[in-house]
Amino acid sequence: MSNFKKYLASLERCREIARLEHQFVTHAFRGCDKVVERLEHAYATVVKRVPKEGNAGASASLAQLQDTLKSSYTTMRAARLINLQAKVEQNDYFNVMLFGRTMSGKSTLREALTGGDGSTIGTGAQRTTLDVKHYEWNELRVVDTPGFGAVEGDEDTKKARETLERVDLVLFLLSSDSIQECAFNELKHIAERNTPLIFVLNMKKNLESEGNRRRALRSPEKVIYKPDEIQGHEERLRFLAGEAGLNPSQVRVIPIHAQAAFLGTQASGLESEELRELGRLDQLLGTICQDVQANGPIRRIQSFLDSALLHVVQQLALFTAQRDRLEKLKPECESGAERIATWRRQLSTSAPKKVRASVDAIYKELEDSIPDFVDANAERSDVADLWKVHVNRLNVQKRIEATAQSLAMEVKEGLQSFSDEMHEGLEFSASHENSPEVKGFDEWDYKRINGWTSAIVGGLGAIAFAMSWNPIGWAAAGISLAFSFFGYLSDSRTSKLSAAKRKMEERLRESVEETKKGCRKALSAWILSDLLDGMVGFAERRLNAILEGIREFENALEEAQYQIDEVQADINLRLLQRVATVISGRNNSLPPARRLVRTPGYASYLLTTERFRDVELLRRMGSVLNERIEVIQETSKQDVLMYLFRGLVQYVEVKSIKEAVLYAPAANIGKITGNRGRRIRLAAALTACQLKIQAIKGDTHAGLHLQPTQG
């Protein structure tokens, strides 16, 4: 079969693969939707159960998180559907994207590729290409995008980034006269999407004048393709690629001269051939066609599955952001609940003592006045009315009410102070919200535990001083005493008077004592019902309701995150299995996975119980995917870690099922952690361990602790 027939056969295989991967991705996304539907249902159930007495503060606080989940995921899902639909429309094509800074020569290159007349080539003004445009060349679809980095070109940059997800190969065009820092920012987006990439270095040298053309054609290496200059650009690109998260060793750079290639399409005869050769467009086209022929089906697999993976990772980031917000809210609420419970216990002891002392002090004055009252009024017939006047004159009821009001205000002020502290603590938490993932979603306002103050102190209006003392009752007791007194006088006035007064005084003291006990009892009941259970208990229940809601939210999020982790693992496993099948020509080329962790474009670790010896297959997979592929037989954690860090770690100490220490020379620590800590994080995820690094031979402790993450 000729190379061109192989090329066409590869493109046909690309179309078949696109249909299969579209079905898989659609199914995976339905699974993601169902996870969020279950999570939203769990949230709604929790919000409904949160008590709403006073106001809906606690319910609204948790409902805010529910709303954030719904609105954020709705936005994500819409973007995902748009992207998937665009990919479906491009299923029949292998899509090559021209991507680069404004004025880098994209339009010139595209005109050269498609044999255009040059009408779309800019003449120095910025933003020549304003929309995404499609052209066909050699059975491929060329996607020309607006350039990034232009003044007022944010919308252009957005369009170009969105298109990255929908293509199979990116030609990143850079101008030799200016490889600017903005190129690094775009490299990060390409690395995030793991889109296959070829750097095209457009060597800028204006060939409009005949003299420049003659010199360039005569000495290309001296005029245009200067080896030292090209090498310098390549080294800078490898550095920028590594910083952005790409593998520097896999960077491919093809120098061209876009203007020469285009001028070659406009000239004729020998000059056309010379200019085309000078433009080196054939070298670029040959590389593209070779890549399509050799790796086209794998590029299509990557395009669908790694793009889907990006959306799944964004969904996980949404869940993580919600958990982070709950984790920031939870300590303040737990601390507040503990403080208010402690205060309530203290009040249950101190308040009754204070009431008893106050009531005793108020009634003592009344008790002390009894002898004088009896001496002055014992022989009066209206003694009962006089006793009522006497009690009212001493303001017993008003003083008791004032005591109760004072205690209520003390509790109110305490709750207000507590509320202010809660507000400040939550506001502090909000001000330290600096997780990068959070910035992509609606802001969670920790300051609004909706209606904290009104929820806590709102119960004051319900306080009623419905206690059991009754001056009318005391007056009735006085009347009965008066009748008893006159009964005594019917015998011997002289001998019975003193005894009658003592009896009246005794009866009044008993009546006052009984009323005092009733007052204490009524006030204690009021303290329990209105102050402790009503005001303080209301605030305590509110906090506990929020805490319970937080815990239920956390449990629901944990389950949802586990389910999305499973979707992520399924996508990664399918990608590796499909790539292995394409390369080897047989199904089930890889062993069953016990666990799989992957950082696209960096490394994949597959843990299996079987022995696997096809190292050549892994090498070829790694070369095409531009990432390290490891299949590791599951034995002990120690053996797995020693294998992963072979030659770098001297020994491993497994302290528990969840913790291990790597002992290594300090000089190896950077290699153990890997770029951005990716290597050791993958190892932590694969072994489900917290990993620590301990420098040996007198070196200080590295101080690096890694928690396991899902792959």
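The values are calculated or read from the model by the stated rules, or taken from the named source; none is laboratory data. All values derive from a computational prediction rather than experimental measurement. Positions of Cβ are generated from backbone atoms using ideal geometry, with glycine treated the same way; all protein chains shown enter the neighbour counts.
Inspect all residues belonging to the range 217-225 and state whether any of them is in the same structural domain as GLU186 (by TED's automatic domain parsing), closer than 25 Å to ARG110 by Cα and of a type in the set (Lys, Arg). No, the range 217-225 contains no residue that is in the same structural domain as GLU186 (by TED's automatic domain parsing), closer than 25 Å to ARG110 by Cα and of a type in the set (Lys, Arg).
Restricting attention to the range 238-256, the residues being closer than 22 Å to THR108 by Cα and in a helix (DSSP H, G or I) number 0. Can we say ALA404 is in contact (Cβ under 8 Å) with a residue 40 or more places away in the chain, under 30 Å from GLU165 (Cα atoms) and surrounded by 20 or more Cβ atoms within 10 Å (Cβ to Cβ)? Judged against the criteria, ALA404 is not a match. Identify, please: which residue in the range 214-229 is of a type in the set (A, V, I, L, M, F, W, C) and in contact (Cβ under 8 Å) with a residue 40 or more places away in the chain and is, among those, surrounded by the fewest Cβ atoms within 10 Å (Cβ to Cβ)? The residue in question is LEU217. Count, please, the residues in the range 195-210 that happen to be outside any strand (DSSP E or B) and either closer than 17 Å to ARG236 by Cα or in contact with a strand residue (DSSP E or B) (Cβ under 9 Å, 6 or more places away or on another chain) (or both). Residues meeting the conditions: 4. So which residues in the range 377-392 are without any contact (Cβ under 8 Å) to a residue 60 or more places away in the chain and polar (S, T, N, Q), if there are any at all? ASN377, the sole residue that qualifies.
If only residues of the range 40-61 that are crowded, with 20+ Cβ neighbours inside 10 Å and in contact with a Leu (Cβ under 9 Å, 6 or more places away or on another chain) are counted, the one that is modelled with the lowest pLDDT is ALA58. Taking ALA183 as the residue in question, decide whether it is crowded, with 22+ Cβ neighbours inside 10 Å, more than 19 Å from GLU277 (Cβ to Cβ), among the aliphatic types (A, V, I, L, M) and assigned by TED's automatic domain parsing to the domain that holds ILE301. Taking the combined requirement at face value, the residue satisfies it.
Of ARG166, ARG193, ARG161, ARG214, all but one fail to be modelled with pLDDT under 85 and out of contact with any His (no Cβ under 8 Å at 6 or more places or on another chain); the exception is ARG193. The number of residues in the range 358-376 that are within 60 Å of the chain's Cα centre (by Cα) and in contact (Cβ under 8 Å) with a residue 60 or more places away in the chain comes to 2. Would you check if there is a residue in the range 654-662 being of a type outside the set (Ser, Thr, Tyr), outside the structural domain of ALA241 (by TED's automatic domain parsing) and within 25 Å of the chain's Cα centre (by Cα)? Yes, there is a match, as at least one residue in the range 654-662 is of a type outside the set (Ser, Thr, Tyr), outside the structural domain of ALA241 (by TED's automatic domain parsing) and within 25 Å of the chain's Cα centre (by Cα). Kindly check whether there is at least one residue in the range 552-566 that is farther than 27 Å from VAL355 by Cα, hydroxyl-bearing (Ser, Thr, Tyr) and assigned to a helix (DSSP H, G or I). The answer is yes, given that some residue of the range 552-566 is farther than 27 Å from VAL355 by Cα, hydroxyl-bearing (Ser, Thr, Tyr) and assigned to a helix (DSSP H, G or I). Listed by first and then second residue, the pairs with beta-carbon distance under 7 Å, at least 6 apart or on different chains, first residue in the range 281-310 and over 15 Å from LEU576 (Cα atoms), second aromatic (Phe, Trp, Tyr) and part of a helix (DSSP H, G or I), are CYS289/TYR7; VAL292/TYR7; GLN293/TYR7. Kindly check whether there is at least one residue in the range 597-620 that is among the hydrophobic types (A, V, I, L, M, F, W, C) and surrounded by fewer than 17 Cβ atoms within 10 Å (Cβ to Cβ). There is at least one residue in the range 597-620 that is among the hydrophobic types (A, V, I, L, M, F, W, C) and surrounded by fewer than 17 Cβ atoms within 10 Å (Cβ to Cβ). Scanning the range 611-629 for residues that are in contact with a strand residue (DSSP E or B) (Cβ under 7 Å, 6 or more places away or on another chain) and over 23 Å from ASN194 (Cβ atoms) turns up ARG611, PHE612.
Tell me, yes or no, whether the range 88-109 has at least one residue that is under 29 Å from ALA321 (Cβ atoms) and either in contact with a Lys or Arg (Cβ under 8 Å, 6 or more places away or on another chain) or at pLDDT 85 or above (or both).
No, every residue in the range 88-109 fails to be under 29 Å from ALA321 (Cβ atoms) and either in contact with a Lys or Arg (Cβ under 8 Å, 6 or more places away or on another chain) or at pLDDT 85 or above (or both).
Of note, LEU557 does not satisfy the criterion of being at pLDDT below 85 and buried (at least 16 other Cβ atoms within 10 Å of the Cβ).
Which one is modelled with the highest pLDDT among residues in the range 629-668 that are over 18 Å from GLN694 (Cα atoms) and of a type in the set (Ser, Thr, Tyr)? The residue in question is SER636.
ARG356 falls short on exactly one of the conditions (1) within 28 Å of ARG236 (Cβ to Cβ); (2) outside the structural domain of SER176 (by TED's automatic domain parsing); (3) of a type outside the set (S, T, N, Q), and that condition is (1).
Quick grid of which residues meet (1) polar (S, T, N, Q); (2) over 30 Å from LEU625 (Cβ atoms); (3) surrounded by fewer than 21 Cβ atoms within 10 Å (Cβ to Cβ); (4) over 23 Å from the mean Cα position of the chain (by Cα):
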site	(1), (2), (3), (4)
PHE304	no, no, no, yes
SER307	yes, no, no, no
GLN314	yes, no, yes, no
ALA321	no, no, no, no
ASP324	no, yes, yes, no
PRO331	no, yes, yes, no
GLN346	yes, yes, yes, yes
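Among the residues that make up the range 319-326, is at least one of them hydrophobic (A, V, I, L, M, F, W, C), in a helix (DSSP H, G or I), at pLDDT below 90 and under 27 Å from SER71 (Cβ atoms)? Looking for residues that are hydrophobic (A, V, I, L, M, F, W, C), in a helix (DSSP H, G or I), at pLDDT below 90 and under 27 Å from SER71 (Cβ atoms), one finds at least one in the range 319-326, hence yes.
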